[in-house]
Each structure stands twice: as C-alpha cells, then as structure tokens.
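A short write-up of the structure that comes next.
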Amino acid sequence: MRPHDIVILLKIAVKEGGQWLMKDLATELKISASEVSESLNRSAIAGLISPDKKRLMNASLLDFLEHGFKFVYPQHPGALVRGMPTAWSAQPLVNEIMSDEQVVWPFSDGLVRGQAVEPLHPSVPQACLQDNKLHELLALCDALRLGRARERKLAIEELKIRLC
C-alpha cells in the first residue's frame, strides 16, 4: 500500500456508494489515471475494496485506519509554514479540541500558519479545496497519525459516522 491509496479510497467513500469512474478520480485528485488503477489493484488485494473494484469495504477500511494507519504512515509536526489546516486544526475536530498549536499541510495558497504535516499525497491540499468532505476525512486521518489517545478517539468516532 502507498499513502495515496488511502486518499483514493476516501475519495470513493465521499461519493457515498454513487457511480464513479477511475478517470474522474484521477482528475479530481490530480493523480494520474494509471496510478489510480494501480492503487485500486493494491486496495483490492488488501481487502479494502471489493475484487470488482466497485464497492468500498468500509468496515475493513475503518479497521485499518483505527489500528494500523498511524504505524504505516507515521507523521510528526515540523517547521512553521503557511498551509491548509488538518487534524485538530480543521473540521470536524477544530470545535472539539482546543489547541494553541495549528497543524497544516504546506500549501502556498494556504491562509493558516502552523506546523507542517506532510500530506498523504502532494495533491491533497489542492484536491481538498474542491471537496470539503474529502478534506474532513483526510484531516481525521491526520488526527490518527499525529494525535494522542483523546484526539485519536474523537477521530475514530467521526470516521465511524462518515464511513459506516
């Protein structure tokens, strides 16, 4: 699995069981169509999407995010940069967790200054400008990668609401 595999799976989840095409995912996520195709193959092998690549395996994806995500894609906040809020600095956790430290994906068009967190794919901030639901899911995933027990617990509760 590669980090952008999770981005692609979460984009499918945002579509809420609706019809989608690989070329649309590629365009919306700014990831090449061949990478989307290879990603879906890896996700099918991992059991995160059905073998016919038409149905997301929500329970398996949630299980992976809850128990393995922080170990497979660890992250630690870095230098202060301008960017797009993520984790507890973004919706939906921004109203639940009061923190003086902002965490952001480095992004030249960003409006918030905070500690840098590498996104799962370089195109994530741009793709999230077009899709607030995707932004929320990826921010929750970053809360899993970065957060302590309380932040992770809140993130899992929110992911369960959105993915199940």
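With the contact rule set at Cα under 8 Å and sequence spacing of 6 or more, what percent relative contact order holds for region 3-72?
25 percent
Could you work out the helix-only [θ] at 222 nm for the chain, with each DSSP H run of four or more residues adding -39,500 (n - 2.57) and the total divided by the number of residues, to the nearest 500 deg cm²/dmol?
Calculated from helices alone, the mean residue ellipticity at 222 nm is -15500 deg cm²/dmol.
Label region 1-83 by shape, choosing from rounded, prolate and oblate, from the square roots a ≥ b ≥ c of the eigenvalues of the Cα gyration tensor; if a/c is under 1.5 it is rounded, and otherwise prolate applies when a/b is larger than b/c, oblate when it is not.
Oblate shape, in that a/c is at least 1.5 and b/c is the bigger or equal ratio.
Amide H to amide H under 5 Å from Ile49: which residues, 5+ apart in sequence or cross-chain, H placed 1.01 Å off N in plane?
When sequence neighbours closer than 5 places are left aside, the close amide H contacts are Ala44, Met57.
Could you let me know the centre-to-centre spacing of region 111-131 and region 47-93, using Cα atoms, in angstrom?
Using only Cα atoms, the two centres lie 13 Å from each other.
Sorted by packing (mean other beta-carbon atoms within 10 Å per residue), highest first, where do 80-91, 127-138 land?
Taking the mean over residues of other Cβ atoms within 10 Å, the ranking is 80-91, 127-138.
Below 8 Å between Cα atoms, with a sequence gap of 6+, how large is the relative contact order for the chain in percent?
24 percent
A 22 angstrom limit on the alpha carbon distance is what I want to check against. Which of Lys23/Lys54; Lys11/Lys54; Lys23/Lys160 exceed it?
Result: Lys23/Lys160 exceed 22 Å.
Just grab the label-to-label distance for Arg113 and Cys164, each label 7 Å out from Cα along the Cβ direction, in nm (one decimal).
4.2 nm
Rounded, prolate or oblate, given the Cα gyration tensor of region 83-124, with a/c below 1.5 counting as rounded?
In terms of gyration-tensor shape, prolate.
Rounded, prolate or oblate: pick one for region 80-163, where a ≥ b ≥ c are the square roots of the eigenvalues of its C-alpha gyration tensor, a/c under 1.5 means rounded, and failing that, prolate if a/b is larger than b/c, else oblate.
oblate
Amide H to amide H, which residues 5 or more places from Met84 or on other chains are under 5 Å from it, using H placed in the peptide plane?
Trp105, Phe107
Restricting to DSSP loop positions (anything but H, G, I, E, B) with no more than 10 other Cβ atoms inside 10 Å of their own Cβ, which GluC sites (Glu not before Pro) remain in region 1-87?
Glu16
In whole Hz, with x marking every Gly and Pro, tabulate ³J(HN,Hα) for region 132-148 from phi via Karplus 6.51 cos²θ - 1.76 cosθ + 1.60, θ = phi - 60°.
After applying 6.51 cos²θ - 1.76 cosθ + 1.60, I find 5, 5, 5, 4, 4, 4, 5, 5, 4, 5, 5, 5, 5, 6, 9, x, 8 Hz.
Only the coordinates and a few stated rules stand behind these numbers; no lab work does. Predicted model only: the values in this text are computed from it and were never measured. Using ideal geometry, Cβ is built from the backbone for each residue, glycine included, and neighbour counts are taken over all protein chains shown.
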